[in-house]
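**Q** Got a structure for you, written out below as structure tokens; questions coming shortly.
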Amino acid sequence: MAGSFGSVTETELGLKRRARRMARELTIIHPDAHCELDHSSPLELAVATILSAQCTDQRVNEVTPALFAKYPSAAAYAGADRAELEEMIKPTGSFRNKTDSLIKLGQALVERYDGEVPGKLVELLTLPGIGRKTANVILGNAFDVPGLTVDTHFQRLVGRWQWTSEVDPVKIETAVGKLIEKRDWTMFSHRIIFHGRRVCHARKPACGACLLAKDCPAYGTGPTGFEAAAKLVKGPRAAEIVAQATPA
Ligand code: SF4
């Protein structure tokens with residue numbers, strides 16, 4: 001037995017079916033899901049992902065055009081003037097640590113990988129500033145290698161959905177990897193993160209305007225009235241998301 005959904009005991013097969021139903025619904029709710037960090041190469045994505053720690057993707061995207069123009073290669077980061085680099089990335093916060101990571105990343109890439117970002121998880125994990133989450137973002141979006149990106153939204157939502165009781169990100173990744181087909185991992189990660197940002201908020205999720213409600217054990221965590229919930233839905237497609245969930 002896998003666990004329970006409401007008052008009903010749920011088998012492992014039942015959980016897998018419910019998870020896949022929810023994953024399918026997410027494709028309908030968020031057809032626009034994508035990596036929100038602007039990039040045109042694995043190096044740019046690695047840099048943007050490092051900058052995104054404790055910072056919004058939007059803020060990172062404001063900083064990166066000038067940054068990528070000034071530092072077009074790993075060698076450019078390796079030889080960067082620390083004060084200049086700090087100044088450029090200051091708006092993303094924790095800029096001293098991030099500058100350190102970028103310079104060390106550039107140096108490691110030049111020394112060990114001919115200046116190229118490697119496309120394997122084990123190799124990415126040896127690089128400064130690249131943790132498992134960042135590595136999976138890079139693999140999935142720059143190399144087309146399926147990866148689950150367990151960030152704060154991912155963790156909160158799979159917990160609410162009772163897909164797993166694990167709290168460690170690596171264990172969550174393993175548990176969800178058994179529920180969702182591997183080829184869907186990268187896009188599923190984008191969709192769940194979109195849902196966390198736009199509908200299933202940490203404080204007040206928009207339960208009454210959420211298409212996942214019938215399969216969600218946490219339905220009722222936020223307002224269940226349609227009008228109150230509709231006001232909580234965010235993002236450029238808020239009106240469409242709300243329209244999909246409009247009561248008949
Ligand atoms: S029903 Fe509520 S708790 Fe469940 S996924 Fe939707 S917004 Fe989140």
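**Q** Calculate the translational D of region 89-177 in whole µm² s⁻¹ from Stokes-Einstein, where the hydrodynamic radius comes from the Kirkwood formula applied to all Cα pairs, the temperature is 37 °C and the viscosity 0.692 mPa s.
**A** 226 µm²/s
**Q** Output the 0 to 90 degree angle, nearest 10, between the alpha-carbon long axis of helix 57-70 and the longest principal axis computed from the alpha carbons of the chain.
**A** Its long axis makes an angle of about 20 degrees.
**Q** At R0 = 45 Å, how high is the FRET efficiency between residue 226 and residue 62 if r is their beta carbon distance? Nearest 0.05 is fine.
**A** Calculated transfer efficiency: 0.80.
**Q** Would you mind calculating the gained length between residue 126 and residue 11 on full extension (0.36 nm times residue separation, minus the Cα-Cα distance), in nm to one decimal?
**A** That works out to 37.5 nm of additional length.
**Q** Ok, one more. Can you tell me the order of 66-72, 201-207 when each peptide is scored by its average per-residue count of other Cβ atoms within 10 angstrom, highest first?
**A** Ranked from most to least packed, the peptides come out as 201-207, 66-72.
**Q** If I model a spin label as a point 7 Å beyond the Cα along the Cα-Cβ vector, how far apart are those points for residue 174 and residue 151 in nm?
**A** In this crude label model, residue 174 to residue 151 measures out at 2.5 nm.
**Q** Work out how much length residue 244 to residue 165 would gain on full extension: take 0.36 nm times their residue separation and subtract the Cα-Cα distance, in nm to one decimal.
**A** Fully extending the segment from residue 244 to residue 165 adds 25.4 nm.
**Q** State, to one decimal in nm, how far the label point of residue 107 lies from the label point of residue 70, with both points 7 Å from Cα in the Cβ direction.
**A** 2.0 nm
**Q** In what sequence, highest mean first, do 141-147, 162-168 appear when ranked by Cβ atoms within 10 angstrom?
**A** Peptide ranking by packing, descending: 141-147, 162-168.
**Q** Sticking with the crude label model, points 7 Å out along Cα→Cβ, report the distance from residue 184 to residue 203 in nm, one decimal please.
**A** 3.3 nm
**Q** Enumerate the amide H contacts of residue 10 below 5 Å, restricted to partners 5 or more residues apart or on another chain; note that Pro and chain-start residues carry no placed amide H.
**A** Residues meeting the amide H criterion: 2, 3, 4, 5.
**Q** Angle check, please: helix 132-142 long axis (alpha carbons) against the longest principal axis of the chain (alpha carbons), in degrees 0 to 90, nearest 10.
**A** 90 degrees
**Q** Now, a different point. On a 0 to 90° scale, report how tilted helix 169-179 is relative to the longest principal axis of the chain, with both axes built from alpha carbons and the result rounded to the nearest 10.
**A** With rounding to tens, the tilt is 50 degrees.
**Q** Still on this structure, I have one more. Once the dipole of the chain is set up with Lys and Arg at +1 and Asp and Glu at -1 on Cβ about the Cα centre, which of 192, 243, 225 lies farthest towards its positive end?
**A** 225
Just so you know, all these numbers are worked out from the coordinates, no wet-lab data involved. Every value quoted in this text rests on a predicted model; they were computed, and no experiment measured them. A quick note on method: Cβ atoms are made from the backbone with ideal geometry, for glycine too, and the neighbour counts reach across all protein chains shown.
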